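The values are calculated or read from the model by the stated rules, or taken from the named source; none is laboratory data. Keep in mind that what you see is a predicted model, and the values were worked out from it rather than measured. Glycine also receives a Cβ, built like all others from the backbone with ideal geometry; neighbour counts cover every protein chain displayed. Surface accessibility is based on the protein's heavy atoms, side chains included, excluding ligands, DNA and RNA. Shrake-Rupley method; radii C 1.70, N 1.55, O 1.52, S 1.80 Å.
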Amino acid sequence: MSANAPQPIGASTAAADISAKEATYLPPSELAIKYAKGIHNHSPAAPHPSSTASGSNPHLIKKIEHFYIRPRWLFVRIETEGGVVGWGEATCEGHTESVQGSLDDMARRLVGWDAMNIEDIYTFMYRARFYRGGPTLMSALSGIDIALWDIKGKVLGVPVWQLLGGKVRERCNVYGWVGGDRPSDVLEQAKVRKAQGFTRVKMNATESIGWLDSPHALDETVQRLADIKAIGMDAGLDFHGRLHKPMAKQLAKLLEPHRPLFIEEPLLPGHPKEMKDLYDKVNIPIALGERLFTREDYRPYFEERCIDIAQPDIAHSGGITETKKIATMAEAYDIGIAPHCPLGPLAFAASLQIGFCTPNFVVCEMSWKMHYNTGGFDLFTYMKNPEVFAVKQGAIELLTGPGLGIELNEELIRSEAQEAAKLDPWINPIFRGPDGAVREW
């Protein structure tokens, strides 16, 4: 007789016996007790004098400048009539000159606008020009948008995350890079990263690879992941759009037993249905998004339910304004946010500002000592307060300074821009196969 079937009055049943037992509850965890009243980490406001100025509007945009500096970054500087300076980043790797042209055009249009009206400026620059989107226009718009948020935070004397609803965490997880475009020596580099305070890393999955290559071309990738996991670190693998379907699905299956943190861009952007086919075949979290620039670009991937992690690059995806909207949209699909950021300190700081106030943030890329940062130029080169980016137990502590929370050496930026202007801007390597055909980089 079933325990839930009708029983004679007074009879005992298994269900009744279970329900009669006294419920046992675990005591609250240490973290539950610590955060019983939410996050208490007070950051007092320190408004700029222009915030209370009377008379003419001190927040009007006076000047917009941009600076290409090594290793491959494009910074944007906006100054208001009240003397507040905001910095942004418009780096679009390999497309510097086209973004510079767009910035000149936008600067001409925006001088005289109220820098505090960020949403109005964003809407105007995105919607009122007929042609919109794409890496060039969105990178230029990103640099301006980030600088405007920096200005607003400085005027009001608060971090950007405070303007976006307040903090939901006290630190943001980050990962560093090992290997290069042609990954090698990743185990030794991973040991160095571990000593630097990282608990997770990312590496390119393969070097140059054919559309249909030998299956043995994938063997070293699997071994590299196994080696890094053996020293207690997690690792994401960046397919970088290099692999086409025949190789991508093989590699994803081979990696499954080793449980990578995620696989990134396992297929080129523009293939949401093909991504869905791959998604249904593997259990590894799939991440992508560095080559998607707006909510409209992300929409087919969200609706196909074919990714687990969205990776907007804040220097390409409309800056803080659009990236925050992408994150909110992703949350409705149970998709995490892991900002893509192999770039400079401004893009990194802006990405962290998103992370501190976004519930579905999971981890952020950090370019410190990355293989692209050559010639003695690195993440901290142009910073006056690099200590705010100290990596502790795989994370960056809450940024509490006004605006983006970092201070730049403007004199160094200006002098380096003069030197960099004498050189050709950075362009990405070109991969070709043995037959001479172009391959995906």
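Quick check: anything in region 341-362 within 25 Å of GLY403 (Cα to Cα), part of a strand (DSSP E or B) and open to solvent by 10 Å² or more (accessible area, probe 1.4 Å)? Within region 341-362, one or more residues are within 25 Å of GLY403 (Cα to Cα), part of a strand (DSSP E or B) and open to solvent by 10 Å² or more (accessible area, probe 1.4 Å).
Among the residues of region 138-151, are any more than 30 Å from TYR35 (Cβ to Cβ), assigned to a strand (DSSP E or B) and hydrophobic (A, V, I, L, M, F, W, C)? The answer is no, given that none of the residues of region 138-151 is more than 30 Å from TYR35 (Cβ to Cβ), assigned to a strand (DSSP E or B) and hydrophobic (A, V, I, L, M, F, W, C).
Looking at region 275-321 only, could you name the residues that are in a loop (DSSP other than H, G, I, E, B), touching a Gly at 6+ places or on another chain (Cβ under 9 Å) and not aliphatic (A, V, I, L, M)?
PRO285, ARG291, PHE293, THR294, ASP308, GLN311, PRO312, ASP313, SER317
For region 20-43, name all the residues that are open to solvent by 90 Å² or more (accessible area, probe 1.4 Å) and at pLDDT below 80. Residues satisfying the conditions are LYS21, GLU22, THR24, TYR25, LEU26, HIS40, HIS42. Pairing each residue of region 46-59 that is under 16 Å from ASP150 (Cβ atoms) with any residue that is of a type in the set (Asp, Glu) and open to solvent by less than 60 Å² (accessible area, probe 1.4 Å), provided the two are 6+ apart or on different chains, yields C-beta distances under 7 Å for HIS59/ASP114. Only a single item in (1) without any contact (Cβ under 8 Å) to a residue 40 or more places away in the chain; (2) open to solvent by 10 Å² or more (accessible area, probe 1.4 Å); (3) of a type in the set (Ser, Thr, Tyr) is not met by THR199, and it is number (1). Note on region 166-220: among residues that are touching a Gly at 6+ places or on another chain (Cβ under 6 Å) and among the hydrophobic types (A, V, I, L, M, F, W, C), the one that is modelled with the lowest pLDDT is VAL186. Between residues in region 238-259 that are at negative phi and residues that are of a type in the set (Ser, Thr, Tyr) and assigned to a loop (DSSP other than H, G, I, E, B), which pairs lie under 9 Å by C-beta distance while being six or more apart or on different chains? From region 238-259, the pairs are PHE239/THR206; ARG242/THR206; ARG242/SER208; LEU243/THR206; MET247/THR206; LEU251/THR206.
Considering region 394-441 alone, what residues qualify as being of a type outside the set (Gly, Ala, Ser), assigned to a helix (DSSP H, G or I) and open to solvent by less than 50 Å² (accessible area, probe 1.4 Å)? If the condition is that a residue be of a type outside the set (Gly, Ala, Ser), assigned to a helix (DSSP H, G or I) and open to solvent by less than 50 Å² (accessible area, probe 1.4 Å), then ILE413, GLU416 are the ones that fit.
When region 228-237 is filtered for residues that are within 17 Å of ILE263 (Cβ to Cβ) and either of a type in the set (Val, Ile, Thr) or free of Cβ contacts under 8 Å to residues at least 60 places away in the same chain (or both), the ones remaining, listed by number, are ILE228, LYS229, MET233, ASP234, ALA235, LEU237. Go through region 57-87 and give me each residue that's closer than 21 Å to ALA420 by Cα, of a type in the set (D, E, K, R) and open to solvent by 10 Å² or more (accessible area, probe 1.4 Å). Hits for region 57-87 are GLU65, ARG70, ARG77.
Yes/no per residue for (1) surrounded by fewer than 19 Cβ atoms within 10 Å (Cβ to Cβ); (2) out of contact with any Asp or Glu (no Cβ under 7 Å at 6 or more places or on another chain):
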residue	(1), (2)
ASP227	yes, yes
GLY232	yes, yes
LEU243	no, yes
LYS249	yes, yes
GLY270	yes, yes
ASN283	yes, no
ILE286	no, no
GLU290	no, no
ARG299	yes, yes
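Listed residues LYS325, LYS249, LYS253; which is in a helix (DSSP H, G or I) and within 14 Å of the chain's Cα centre (by Cα)?
LYS325
Scanning region 306-328 for residues that are open to solvent by 10 Å² or more (accessible area, probe 1.4 Å) and touching a strand residue (DSSP E or B) at 6+ places or on another chain (Cβ under 8 Å), which turns out farthest from GLY94 (Cα to Cα)? By that ranking, first place goes to ASP308. Under the condition of being part of a helix (DSSP H, G or I) and under 22 Å from the mean Cα position of the chain (by Cα), the residues counted in region 256-274 number 1.
Scanning region 125-137 for residues that are outside any helix (DSSP H, G or I) and without any contact (Cβ under 8 Å) to a residue 24 or more places away in the chain yields ALA128, ARG129, PHE130, TYR131, ARG132.
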